[in-house]
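See below for the structure under consideration.
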Amino acid sequence: LTYGTLAVQAHSRSGRVALDATLQHPTAGTLALRGSVPQPDAPDSAPLDLRLITGHLDPAGLAALFPAHLRHVRGTVAADLAIGGSWRAPRLGGEVTLTDGSIGVASNGVTYEHVRLRLAGSGTDLLVRELTASAGDGRIDGEGSLQLGGPARLTLALDLRLAAARIAERPAVS
């Protein structure tokens, strides 16, 4: 799997590290991370000031990162996500969207088509503002949140509505 070209500029000054990083792939698009973070020896409560930006990113590489879970991922990701707060208590703002998506899930054998996902950063939550997909002849709609509870602690709450949606393709799961 080729991830592309990574260009990173980092400068340390006044207890902070200014960061400008760009991952450029010839066909998948560009992902940029800009802003500043506290130096490694700073307290966990020192402020973060980061922005994750992409205008048109192909998420196909996610399947290679999670081969036991995903058969494929397609679509277009756009993001303008602000990350503030601190390492101990991050705060999010901005939005991430997946449009024209297709996700093949390994565990249930289902491919979800026409996926649209819209996430909005809201303090310690990443809100699922919109989740739509078709599965077989049916449809899935939902919303919810992913709450950041500090390092290595996430809480997911989703409200899903299934209308004749196929939830499994494998006979052992059906």
Of all accessible surface on region 75-130 at a 1.4 Å probe, what whole percent is carbon and sulfur? 54 percent
For a quick size check, give me the Cα extents of region 26-93 along its three principal axes, largest first, whole Å. 40, 27, 20
Run the dipole for region 10-60 about the Cα centre, Lys and Arg Cβ at +1, Asp and Glu Cβ at -1, nothing else charged, and hand back the magnitude in debye, nearest 20. 160 debye
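The values are calculated or read from the model by the stated rules, or taken from the named source; none is laboratory data. Keep in mind it's a predicted model, so treat the numbers as computed, not measured. Positions of Cβ are generated from backbone atoms using ideal geometry, with glycine treated the same way; all protein chains shown enter the neighbour counts. The accessibility values were calculated without ligands, DNA or RNA, using every heavy atom of the protein model including side chains. Shrake-Rupley method; radii C 1.70, N 1.55, O 1.52, S 1.80 Å.
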